[in-house]
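*Asks:* Sharing a structure with you now.
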Amino acid sequence: MKETQAREEICRVGRSLFERGYVHATAGNISVRLDDGFLITPTDACLGFLDPARLARLDVDGRQTGGDRASKTIALHTRIYAAARRFDAATACVIHTHSTHCVALSLGAPGDELLPALTPYFVMKVGHVPLIPYHRPGAPEAAEQVAQAIERHGAAGTPIRAVMLERLGPNVWHDSPASAMAVLEELEETARLQMLAGAARPAPLADAQIEELRRTFGARW
């Protein structure tokens with residue numbers, strides 16, 4: 001993706017997420033990996049009102065070379081790119097939000113993952129979502145644990161496209177802003193379904209059903 005197109009796409013996706021309630025106020029950020037560096041939304045920017053010309057521009061080493069001051073999450077984003085591209089070289093966009101249902105689930109989620117295999121599209125389009133224990137926003141310890149989770153799942157043959165930072169929100173990644181947004185939408189919708197089910201706690205898909213999704217659609221679960 002050329003830089004001009006990447007700038008426009010970041011702003012388009014940011015506006016869409018804001019208008020549909022996936023982000024609020026100045027929470028959330030979007031980055032794109034370029035051939036010679038990165039673009040990321042500025043710190044404390046509202047994703048609904050981004051200016052393509054003011055997005056932060058960084059070189060391949062993460063040093064800022066233009067635009068408004070970069071979001072403090074750039075360190076996490078660059079760790080995600082470095083780890084995720086080992087298993088999917090096309091990874092080129094990371095989106096972080098404070099999506100309501102995902103965050104609500106993380107407040108009391110048991111175990112190491114945010115959600116079980118509730119629906120076929122969650123399995124196919126999102127996959128496993130490791131739950132990263134709480135650290136303050138921007139903490140290097142969180143970035144290290146995210147990188148470890150990506151490595152662990154990739155080495156096991158189940159590469160991931162999302163992690164959940166406890167009490168903060170999901171980080172998702174894919175080959176473009178539009179594709180990453182689709183992952184986020186499916187993740188938040190599945191979290192909403194889990195909350196709507198309440199105490200019923202629906203059973204996850206059976207192993208045989210998941211295996212069928214693997215064989216038929218290449219699901220990474």
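The values are calculated or read from the model by the stated rules, or taken from the named source; none is laboratory data. Just so it is clear, the structure is predicted and the values come from calculations on it, not from any experiment. Here Cβ is always computed from backbone atoms with ideal geometry, including for glycine, and neighbour counts include all displayed protein chains. Side chains are part of the model used for accessible areas, which takes the heavy atoms of the whole protein and leaves out ligands, DNA and RNA. Shrake-Rupley method; radii C 1.70, N 1.55, O 1.52, S 1.80 Å.
*Asks:* Please determine, by comparing only the residues of segment 153-167 that are assigned to a loop (DSSP other than H, G, I, E, B) and out of contact with any Lys or Arg (no Cβ under 9 Å at 6 or more places or on another chain), which one is least open to solvent (accessible area, probe 1.4 Å). Write out each step before concluding.
*Replies:* Let us first name the residues in segment 153-167 that are assigned to a loop (DSSP other than H, G, I, E, B), namely 156-161, 166-167.
Subset that is out of contact with any Lys or Arg (no Cβ under 9 Å at 6 or more places or on another chain): 156, 166-167.
Values: Ala156: 76, Glu166: 44, Arg167: 130 Å².
Out of the qualifying residues, it is Glu166.
*Asks:* Would segment 166-179 turn up any residue that is at pLDDT 95 or above and in contact with a Phe, Trp or Tyr (Cβ under 7 Å, 6 or more places away or on another chain)?
*Replies:* Restricting attention to segment 166-179, the residues satisfying the condition of being at pLDDT 95 or above are 166-179.
Still in the list and also in contact with a Phe, Trp or Tyr (Cβ under 7 Å, 6 or more places away or on another chain): 166-167.
Yes - at least one qualifying residue is present in segment 166-179.
*Asks:* Filter segment 39-94 down to residues that are touching a residue at least 12 places away in the same chain (Cβ under 8 Å), farther than 24 Å from Val129 by Cα and small (Gly, Ala, Ser) and give me whichever is most open to solvent (accessible area, probe 1.4 Å).
*Replies:* So, considering only residues that are touching a residue at least 12 places away in the same chain (Cβ under 8 Å), farther than 24 Å from Val129 by Cα and small (Gly, Ala, Ser), the one most open to solvent (accessible area, probe 1.4 Å) is Ala53.
*Asks:* Now for a different question. Mind telling me which of the residues Ala155, Ala147 ends up being of a type in the set (Gly, Ala, Ser) and without any contact (Cβ under 8 Å) to a residue 12 or more places away in the chain? Please lay out each step first, then the result.
*Replies:* Values: Ala147 fails: without any contact (Cβ under 8 Å) to a residue 12 or more places away in the chain.
Sole residue among the options that is of a type in the set (Gly, Ala, Ser) and without any contact (Cβ under 8 Å) to a residue 12 or more places away in the chain: Ala155.
*Asks:* Only one of these is of a type outside the set (S, T, N, Q), at pLDDT below 95, touching an Asp or Glu at 6+ places or on another chain (Cβ under 9 Å) and more than 18 Å from Pro137 (Cα to Cα): Ala109, Ala83, Ala56, Ala92. Name it.
*Replies:* Details: Ala83 fails: at pLDDT below 95; Ala56 fails: at pLDDT below 95; Ala92 fails: at pLDDT below 95.
Every option except Ala109 fails the conditions.
*Asks:* Find the residue count for segment 27-38, including only residues that are surrounded by fewer than 18 Cβ atoms within 10 Å (Cβ to Cβ) and of a type outside the set (A, V, I, L, M).
*Replies:* Summing the residues that are surrounded by fewer than 18 Cβ atoms within 10 Å (Cβ to Cβ) and of a type outside the set (A, V, I, L, M) in segment 27-38 gives 2.
*Asks:* Next up: Looking at Leu193, Leu187, which one is touching a strand residue (DSSP E or B) at 6+ places or on another chain (Cβ under 7 Å) and either basic (Lys, Arg) or in contact (Cβ under 8 Å) with a residue 60 or more places away in the chain (or both)?
*Replies:* Criteria check complete, one pass: Leu187.
*Asks:* If a residue must be touching a residue at least 40 places away in the same chain (Cβ under 8 Å), of a type in the set (Gly, Ala, Ser) and surrounded by fewer than 17 Cβ atoms within 10 Å (Cβ to Cβ), how many such residues does segment 112-144 contain?
*Replies:* So the answer is 1.
*Asks:* For segment 118-149, what are the residues that are within 23 Å of Glu211 (Cα to Cα) and of a type in the set (S, T, N, Q)? Spell out the reasoning first.
*Replies:* The first filter runs over segment 118-149 and keeps only residues within 23 Å of Glu211 (Cα to Cα), leaving 118-130, 149.
Passing the criteria: only Thr119.
*Asks:* I would also like to ask the following. Mind listing just one residue for me: the one in segment 95-110 that is among the β-branched types (Val, Ile, Thr) and open to solvent by 20 Å² or more (accessible area, probe 1.4 Å) and, of those, nearest to Gly48 (Cα to Cα)?
*Replies:* Thr100
*Asks:* Another question, then. Within segment 168-221, take every residue that is touching a helix residue (DSSP H, G or I) at 6+ places or on another chain (Cβ under 6 Å) and exposed (fewer than 14 other Cβ atoms within 10 Å of the Cβ) and give me the one that is nearest to Phe87 (Cα to Cα).
*Replies:* By that ranking, first place goes to Phe217.
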